[in-house]
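Chemist: Pasting in a structure now, in structure tokens, and then I'll have a few things to ask.
The values are calculated or read from the model by the stated rules, or taken from the named source; none is laboratory data. Predicted, not measured: the structure shown is a model, and the values here were computed from it. Note: ideal-geometry Cβ built from the backbone for every residue, glycine included; neighbour counts use all protein chains shown.
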Amino acid sequence: MSKGGPFSRNNNRLHMDGCDLSVIAETYGTPTYVYSRNDIVHRYERLDAALGSLDHALHYAVKANSNLSILRLFADLGAGFDIVSAGELERVLIAGGDPKSVLFSGVGKRREEIAFALKVGIGCFNVESGAELDRLADQAALLQRPAPVSIRVNPNVDAATHPYISTGLKDNKFGVPQEQALALYERARDHAYLDVIGIDCHIGSQIAESGPLLDALQNLLALVDRLAEVGIELSHLDLGGGLGVRYHNETEFDVESYGAALRRALTGRKLKLLLEPGRFLVATGGVLLTRLQYLKPSDTLDGKSFAVVDAAMNDLIRPALYQAHHDIEIVAATAAGAEEQAPRRWDIVGPVCESGDFLAQNRTLALHGGELLAVHGAGAYGMVQASNYNSRGRAAEVLVEGDSHRRIRRRETLRDQIEHEIDDLERPVDSPADAPTHTASIASAATAQERRA
Ligand code: LLP
């Protein structure tokens with residue numbers, strides 16, 4: 001059984017488009033993230049088509065997967081971008097994205113991030129508070145560059161998703177309460193270096209149905225009308241991202257009916273619709289490949305059986321952080337002749353020293369040892385949330401393009417990890433109290449040796 005979309009089984013091996021995933025694992029090692037170019041393009045085109053002739057633009061939410069090759073793919077598709085840091089902006093520019101197509105969201109924009117974004121001429125600042133509006137106005141005046149502004153309104157609607165990724169309730173830190181928005185718009189209008197152009201919201205992520213998004217839209221439209229009454233005309237409305245995907249047995253978000261509802265609600269208005277989808281575009285076309293290391297079957301009926309793999313919570317934190325379900329599939333059975341093992345329920349766990357380090361729990365799989373596993377739905381919020389916890393290097397990333405594949409990020413080495421610490425170790429020691437520790441000396445000796453080699 002495989003998941004459809006870019007996946008199929010051929011010779012009993014799981015394929016992504018025209019590529020055998022076991023060959024990819026042999027070529028690049030494990031753990032490795034693999035993404036399907038075709039799936040991303042297909043989903044982008046599907047969402048775009050759902051909006052039809054409505055004046056609209058899709059701004060890919062970079063945070064979902066910020067690999068440069070993925071960003072370049074979106075730039076080639078003509079997408080805009082939604083960013084939340086100067087780092088994401090740099091990535092977009094390096095990947096060839098047009099700064100004018102960039103929306104800058106986030107509650108904590110630093111002064112220097114604002115200055116950088118003003119200098120490169122981004123499309124819009126999605127302002128989240130009065131204090132941020134003042135800071136933006138100061139910077140814009142200082143640089144004498146007018147700042148295009150939208151105010152992120154918190155529409156106080158329940159996106160009915162996991163509390164950590166729900167953002168549109170009044171108790172969430174995001175956006176400006178609807179009641180305060182009008183006054184803020186008036187303040188912005190009166191500032192010489194602020195150019196009020198839009199209104200935005202983003203109520204949460206992994207939203208199953210369009211209902212809450214359409215409720216948010218109505219709240220925003222009421223505000224748009226109110227603003228028009230006081231002479232503030234907006235040119236765009238940005239409804240954020242949030243479209244959910246099918247990780248397991250969820251109903252698929254109905255993009256076509258969402259598109260139709262948006263068209264109905266906006267036809268006849270002189271407002272361009274912007275969306276900021278992340279997960280919907282990249283989640284389903286990605287897998288994390290991981291190799292089984294050890295089996296620890298329980299010897300009692302009600303005990304837990306563990307399958308220890310070489311990927312861990314540092315590679316994919318979603319199960320530990322949001323109790324997220326990712327389907328897991330055996331890519332290829334182990335070598336012919338391996339003794340058949342009856343399926344049993346396994347917790348698929350990593351090598352990290354935490355009981356929260358699991359990729360999946362209670363999965364019925366026929367495992368013998370050494371199998372290659374594909375963790376599905378890993379294209380969004382996977383690699384971007386990876387860390388070096390337990391001094392584990394981050395995974396490689398591979399892009400499948402039809403029947404070819406190429407590495408788009410090399411596996412991290414220990415050298416990559418310790419690079420930022422070595423400079424400090426190599427500083428001349430002024431006093432014995434500052435002397436490097438034993439381990440530090442070893443590290444610095446090893447580096448010196450590496451350098452000589
Ligand atoms: N726009 C803004 C302002 C956002 O904050 C987000 C996501 C998006 C767009 C894109 O949302 P999407 O279309 O991907 O749902 N790490 C979590 C998800 C965090 C989402 C944060 N904001 C996870 O792994 O589920």
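Chemist: Inside segment 167-209, can you point out the residues that are away from the ligand (no atom under 13 Å from the Cβ), assigned to a loop (DSSP other than H, G, I, E, B) and in contact with an Asp or Glu (Cβ under 7 Å, 6 or more places away or on another chain)?
Modeler: The answer is Leu169, and nothing else.
Chemist: Quick one: is Val149 of a type outside the set (Phe, Trp, Tyr), closer than 19 Å to Gly130 by Cα, more than 13 Å from the ligand (Cβ to nearest atom) and assigned to a strand (DSSP E or B)?
Modeler: Taking the combined requirement at face value, the residue satisfies it.
Chemist: Please give the number of the condition Ala159 fails out of (1) in contact with a strand residue (DSSP E or B) (Cβ under 6 Å, 6 or more places away or on another chain); (2) away from the ligand (no atom under 16 Å from the Cβ).
Modeler: Tallying (1) in contact with a strand residue (DSSP E or B) (Cβ under 6 Å, 6 or more places away or on another chain); (2) away from the ligand (no atom under 16 Å from the Cβ), Ala159 fails exactly one: (2).
Chemist: So, of the residues in segment 32-91 that are in contact with a Ser or Thr (Cβ under 8 Å, 6 or more places away or on another chain) and assigned to a loop (DSSP other than H, G, I, E, B), which turns out to be nearest to Phe7 (Cα to Cα)?
Modeler: Ala79
Chemist: While we're on this one: For Ala366, state whether it is among the aliphatic types (A, V, I, L, M), away from the ligand (no atom under 16 Å from the Cβ) and surrounded by 18 or more Cβ atoms within 10 Å (Cβ to Cβ).
Modeler: For Ala366, the condition - among the aliphatic types (A, V, I, L, M), away from the ligand (no atom under 16 Å from the Cβ) and surrounded by 18 or more Cβ atoms within 10 Å (Cβ to Cβ) - is not met.
Chemist: Can you run down the residue pairs with Cβ atoms below 8 Å, 6 or more apart or on separate chains, where the first is in segment 362-391 and farther than 19 Å from Ile317 by Cβ and the partner is crowded, with 24+ Cβ neighbours inside 10 Å and among the small types (Gly, Ala, Ser)?
Modeler: Leu365/Ala307; Leu367/Ala307
Chemist: Among the residues of segment 252-274, is there at least one that is assigned to a strand (DSSP E or B), of a type in the set (Phe, Trp, Tyr) and either closer than 20 Å to Phe74 by Cβ or away from the ligand (no atom under 16 Å from the Cβ) (or both)?
Modeler: No: zero hits.
Chemist: Can you tell me which residue among Gly285, Gly240 is buried (at least 19 other Cβ atoms within 10 Å of the Cβ), at positive phi and modelled with pLDDT of 95 or more?
Modeler: Gly240
Chemist: Which pairs do you get when a residue that is farther than 20 Å from Val398 by Cβ, found in segment 50-78, comes within reach of a residue that is surrounded by fewer than 22 Cβ atoms within 10 Å (Cβ to Cβ) and modelled with pLDDT under 95, reach meaning Cβ atoms under 9 angstrom, with the pair 6+ apart or on two chains?
Modeler: Leu54/Thr267; Asp55/Lys270
Chemist: To continue, here is another question. Any idea which of Ala360, Ala380 is in a strand (DSSP E or B) and over 16 Å from Leu21 (Cβ atoms)?
Modeler: Every option except Ala360 fails the conditions.
Chemist: Among the residues in segment 276-295, are any in contact (Cβ under 8 Å) with a residue 24 or more places away in the chain, more than 16 Å from the ligand (Cβ to nearest atom) and out of contact with any strand residue (DSSP E or B) (no Cβ under 8 Å at 6 or more places or on another chain)?
Modeler: No: segment 276-295 contains no residue that is in contact (Cβ under 8 Å) with a residue 24 or more places away in the chain, more than 16 Å from the ligand (Cβ to nearest atom) and out of contact with any strand residue (DSSP E or B) (no Cβ under 8 Å at 6 or more places or on another chain).
Chemist: Show the residue pairs that are 6+ apart or on different chains and have beta-carbon atoms under 7 Å apart, the first residue being within segment 4-33 and at positive phi, the second being surrounded by fewer than 24 Cβ atoms within 10 Å (Cβ to Cβ).
Modeler: Matching pairs, first to second residue: Gly5/Asp39; Asn12/Ala332; Asn12/Ala333; Asp17/Asn38; Asp17/Gly402; Asp17/Asp403; Gly29/Ala396; Gly29/Arg411.
Chemist: Take the conditions within 14 Å of the chain's Cα centre (by Cα) and modelled with pLDDT of 95 or more and apply them to Gly382. Does it pass?
Modeler: Here the answer is yes, as Gly382 does meet what is asked.
Chemist: Right, Ala453: among the aliphatic types (A, V, I, L, M) and at pLDDT 95 or above or not?
Modeler: Here the answer is no, as Ala453 does not meet what is asked.
Chemist: Also, quick follow-up: Val224: surrounded by 13 or more Cβ atoms within 10 Å (Cβ to Cβ), within 16 Å of the ligand (Cβ to nearest atom) and at pLDDT 95 or above, yes or no?
Modeler: no
Chemist: If you don't mind, another one. Would you point out which residue out of Glu128, Glu113 is among the charged types (D, E, K, R), surrounded by 22 or more Cβ atoms within 10 Å (Cβ to Cβ), within 16 Å of the ligand (Cβ to nearest atom) and touching a residue at least 24 places away in the same chain (Cβ under 8 Å)?
Modeler: Answer to the selection: Glu128.
Chemist: Considering every residue within segment 310-326, establish whether at least one is assigned to a strand (DSSP E or B), under 30 Å from Ser69 (Cα atoms) and aliphatic (A, V, I, L, M).
Modeler: no
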